[in-house]
1. So what's the range 101-215 giving for Cα Rg divided by 2.2 N^0.38 Å, two decimals?
2. For the ranges 102-110, 116-124, 282-290, what's the packing order if you count other beta-carbon atoms within 10 Å of each residue, average per peptide, and put the highest first?
3. In nm, what is the difference between 0.36 nm times the number of residues separating residue 269 and residue 219 and their Cα-Cα distance?
4. Based on DSSP, what percent of beta bridges with both residues in the chain are antiparallel, to the nearest 5?
5. When all C-alpha to C-alpha distances in the chain are sorted into bins of 5 Å, what percent of pairs does each bin hold, rounded to whole numbers?
6. Mind sorting 226, 19, 129 by how few other Cβ atoms lie within 10 Å of their own Cβ, fewest first?
7. If I stretch the segment between residue 110 and residue 209 completely, what's the gain in nm (0.36 nm per residue apart, minus their alpha carbon distance), one decimal?
8. Using the Kirkwood formula on the Cα atoms of the range 167-266, what hydrodynamic radius do you get, in angstrom to one decimal?
């Protein structure tokens, strides 16, 4: 079966007139009629009911029109994608990410991308969630690996969760609470808290405020603008912090993580986001590799 047959069939079906369809197709009328007949012979089905001055779809023809349009759409999309694939020698992929959440799988994703699309240049940008969302919307970024903020902030973007992280209280190994099996939110509110800066990590401050909203006594002792600076402060025993489970592993054995009691509702959702209906093959494949990594976490 030829694509030309389907296009001729759709044109005749929509115009219900072979002559007008031929004009629209820039093809001689006899050629259109011949192609329609060949299509019907191939299918073994009458697609049109023909009278002297008119032509109308049969029931089978109406059904086939839906299928033919879908096939044409899929093929045209495939043609566009293969052309895009062939032109990917000049494609750059701009990816926003959070180092603390991606260290376990991002190197493998980059290896997979290099093996699949060796000519695609990937640039990584360490950004907060807010700047990543803005970057996607403004088309400055193609993919973002981000923490899902609370509410409907990601509306308009295609988000897939990669992992969900329980909170932990991170302290120095010599802290009085270091050997505790669990710690309560009430206890945490009494401690000198180290927090990531509001300017760089606004979603972190929002998460912290949600966790501690029932406690009036909590306060931020100091702010840190990067993960390394937070680790230095913790190792210097300048306070404690709340972070995702496993954060204490950024230190060489000097820090411990203590589970927070009854904190399930404050779990941190981390995932991959693209624009809805993203048509970049490279961006789609990058997202797919990230989701494949989900099973290895």
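Read-outs: derived from the displayed coordinates by stated rules, not from any lab. Here the structure is a predicted model, which is why all the values come from computation and not from measurement. Cβ placement follows ideal geometry from the backbone for every residue including glycine, while neighbour counts extend to all protein chains displayed.
1. 1.35
2. With the highest mean Cβ count within 10 Å placed first, the list reads 282-290, 102-110, 116-124.
3. Working it through step by step, the gained length comes to 15.5 nm.
4. The antiparallel proportion sits near 65 percent.
5. Final binned percentages: 1, 5, 10, 12, 11, 9, 8, 7, 6, 6, 5, 4, 4, 4, 4, 3, 2, 0, 0, 0.
6. Numbers: 226 15, 19 12, 129 23.
Going from least to most buried by this count: 19, 226, 129.
7. Here the answer is 32.2 nm.
8. Working: mean 1/r = 0.0750 Å⁻¹.
Across the range 167-266, the inverse of the average 1/r is 13.3 Å.
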